[in-house]
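The values are calculated or read from the model by the stated rules, or taken from the named source; none is laboratory data. Everything quoted here is computed from the prediction, not taken from an experiment. Using ideal geometry, Cβ is built from the backbone for each residue, glycine included, and neighbour counts are taken over all protein chains shown. Quick note on the areas: whole protein, heavy atoms, side chains included, nothing else; ligands and nucleic acids left out. Shrake-Rupley method; radii C 1.70, N 1.55, O 1.52, S 1.80 Å.
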Amino acid sequence: MWSQLVHKTRRMTCFLLPYYHNSPSTTKLIFTPHYSSSVFLRPVSSPAVRAFCSKSGAMSSLLSLQNPDYVSFLKQREAAEIDETLMGPLGFSVDQLMELAGLSVATSIAEVYKPTEYSRVLAICGPGNNGGDGLVAARHLHHFGYKPFVCYPKRTQKPLYSGLVTQLESLSVPFLSTEDLPLDLSKDFDILVDAMFGFSFHGAPRPPFDDLIQRLVCLHSNDQTHQKGPVIVSIDIPSGWHVEEGDIGGEGIKPDMLVSLTAPKLCAKKFCGSHHFLGGRFVPPVIADKYKLHLPPYPGTSMCVRIGKPPQVDISTLRENYISPEFLEEQVESDPVDQFRKWFDDAMAADLREPNAMALSTAGKDGKLSSRMVLLKGVDKDGFVWYTNYESRKARELSENPCASLLFYWEGLNRQVRIEGSVQKVSDEESEQYFHSRPRGSQIGAIVSKQSSVVPGRHVLYQQYKELEEKFSDGSLIPKPAHWGGYRLKPKLFEFWQGQQSRLHDRLQYSPQEIDGKLVWKIDRLAP
Ligand SMILES: NC(=O)C1=CN([C@@H]2O[C@H](COP(=O)(O)OP(=O)(O)OC[C@H]3O[C@@H](n4cnc5c(N)ncnc54)[C@H](OP(=O)(O)O)[C@@H]3O)[C@@H](O)[C@H]2O)[C@H](O)CC1
Ligand SMILES: Cc1cc2nc3c(=O)[nH]c(=O)nc-3n(C[C@H](O)[C@H](O)[C@H](O)COP(=O)(O)O)c2cc1C
Ligand SMILES: Cc1ncc(COP(=O)(O)O)c(C=O)c1O
Ligand SMILES: [K+]
C-alpha cells in the first residue's frame, strides 16, 4: 500500500580502496574503507559542468579530489615492459587490450562531452597501437551516438588493424585522407581525438604527422580570438610530446583531455588541460605490485576514472533551462493529495534517488527558522508522516510552534512541491510498528543518538553502538526508545511547480475553501 510506502533498503555507500599487502609468501588483497572529504559531492547538472553529470561521472568526480600525488607515473621503458608482460606471461592479446583501451577512451569522452553538444568527432590515428586505440574509440563513439570521422594516413597491414577499419566501414564511418581534411579543423569538428602516438614515440614527428600535429597546435591560437573551437582529447600521450619530459619546447599540442592508459606516463605531470582520466581497467595485481602502482579505484562498472583536479567553475554561470510538458489546471486532480501521489508515482517511475526525501522547515517560539531533510514514510488524506527524535531541535521547535512546511524537489522531472500545515505526533502504536520495521542497525542508531545534542567525538557513538549491537546480537527485540517516533503534517496549503523555459514556470496552488459548509480545494495559478 502506498501509505506504507517506501521501505526501500537504504543504500549505504562505502568506498573501498584496494591495496596490495605484500608478504614474502603471499600477495594479499586487502580492502580498507576509504573516506574522502569529497564523498559528499553532488554532480552539478549544468551545461558548463555536464562534465560530471552522469551517474558514473559523479562517482569519478568525487574520486578526483584525492591527492593527485597519490597516482603513480610510468617511465617510457616501464610502460613498454608492462605491455610486454601483459601480452606475454599474463596471457592477454593485443586485440583485447586495445579494445579495452579504446572503450576507456570513448567512455571518458562520453563522461565529459555529451553527444548533444559535441557530436562531430575526428579521430586522427597513427601507425601503432595508439592509432589502434583511436580506431576502437571511434567505433564505440559511433555506438554512443556521436558522428565519428577517421583520418588514418599510415595504415598498418595487420589483420587486427584491417579488421578495425572494416568494422568502421561497416558502420559507414567516413575515412578522410589528409588532403580531404580542412586546413582549419575548427569549423568541422567538435572533438579531435589525438591517437597519433603513444608511449613508443621518439624523436621529432615525421610526415604526415608533423603537419597534423601542427593543425592541432594552431587551434590554440584560434582560441585566443575567443571562438569556441573543438576540444582535443589525447590518448595516453599528447602526440609530439616527449613521453617523459612532456612538451619540451612549449610549442606542442595542448589537449583539453588526456586519457592515460594503464597508468599515466611521466609527461602527464605536465598536462594542464581540464580533464585527466585513467583507462585500461585490466591491470592485474602482480603488475600493480611489481611497479608499485598507486592507482585510483574505478567506480562501479566504469571503464574510466577521473584523476587530477576537476575544472573550476564560475558558480554564477550554473543554470538550467527547464523544458517540460505544460502543467495545466485542466489536467490536475481536484484533491491535492491525489495530485501528490500522481507526481510521486512519476518520481518513482523516473527512478530518482530517494524521491521521498523532503526538506522540513520549522520555527520555534522566537520565530527563527530551521530546515533539514527527512524521509517521508507515509501519506494519506490525514497527512504526511516522517520519523525522528522527539528531543531533537525540530521536535523542540514543533512543540513550541506546530506549524511546518515540507518541500520536495524532483530534479529529474523539473518539479517541486510545497506543503504547509500543522503537525502532530503519530500514535505510539504507529511509531512502534514503524520502528521495528527498520533495519536493526538503524534501530540501535536511534537509541544511541541523542539527536541534535553535542557529542565529544564519533568514537562515543561508535562505542555505544558496538555495546548495543553485542547486547542484541541474539536477535531479541530492540525496544523503541520513548523519545523516538513519528509526526504527521496535516496539509493546509499545497503548491505544485513545474519548471518551464525562460523561467515561465507553471505554479498551481491548492488552498482549502468552504463552500456550502463543504471543504473544497481552490486551485490558483501563481506567477512564476
Ligand atoms: N598497456 C596498455 O596500456 C596498452 C596501450 N596501448 C596503446 O599502445 C600505445 C603504444 O603503442 P605502440 O604501438 O608501442 O606505439 P605508438 O602507438 O606510440 O606508435 C609507434 C609507431 O609510431 C611510429 N613513430 C614513433 N616515433 C615517430 C615519429 N617521431 N614520427 C613518426 N612516427 C613515429 C613508430 O615507428 P618507428 O619506425 O619510429 O618505430 C611506430 O610505427 C600506448 O601508448 C597505448 O595508446 C595498447 O592499445 C593496448 C595496451
Ligand atoms: C536525505 C536525508 C534524509 C533524512 N531523513 C531523516 C529522517 O527521516 N529523520 C530524521 O530524524 N533525520 C533525518 N535526516 C537527518 C536530518 O536532516 C537532521 O540532520 C536531523 O534530523 C537533525 O535535525 P534537527 O537537529 O534539526 O532536529 C535525514 C537527512 C538526509 C540528508
Ligand atoms: C537520523 C535519521 N533518522 C531517521 C532516518 C530515516 O531512516 P529510516 O528510513 O531508516 O527510517 C534518517 C534517514 O536518513 C536519519 O538520518
Ligand atoms: K596520442
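Here the calculated FRET efficiency for Y70 and M373, from their Cβ-Cβ distance with R0 = 35 Å, stands at 0.60, rounded to the nearest 0.05. Under 5 Å from the amide H of V231 lie the amide H atoms of I191, L192, each residue being 5 or more positions distant or on a separate chain, with H modelled from the backbone and absent for Pro and chain starts. From the Cα gyration tensor of segment 274-327, with a ≥ b ≥ c the square roots of its eigenvalues, which class applies: rounded if a/c is under 1.5, or else prolate if a/b is larger than b/c, or else oblate? Oblate, because a/c is 1.5 or more while a/b does not exceed b/c. For E514 and H436, the difference between the fully extended length at 0.36 nm per residue and the C-alpha to C-alpha distance is 24.0 nm. Sorted largest first, the spans of the alpha carbon positions of segment 329-525 along the three principal axes are 58, 37, 30 Å. Using a probe of 1.4 Å on the protein chains alone, the accessible area found for Y409 is around 110 Å². Its relative contact order, with pairs defined as Cα atoms under 8 Å and 6+ residues apart, puts the chain at 12 percent. Net charge near E179: determine it from the other residues with C-beta under 15 Å of the C-beta of E179, scoring Lys and Arg +1 and Asp and Glu -1. Around E179, the charge tally is -2.
The residues of the chain expose on average 51 square angstrom of accessible surface per residue, using a 1.4 Å probe on protein heavy atoms. Over all projection directions, the Cα-based convex hull of the chain averages an area of 32.9 nm². How charged is the neighbourhood of I82? Take every other residue with its Cβ under 13 Å from the Cβ of I82, and add Lys/Arg as +1 and Asp/Glu as -1. Residues near I82 contribute -1 overall. Shape analysis of segment 247-374 yields a ratio of the Cα radius of gyration to the Kirkwood radius, Rg/Rh, of 1.19.
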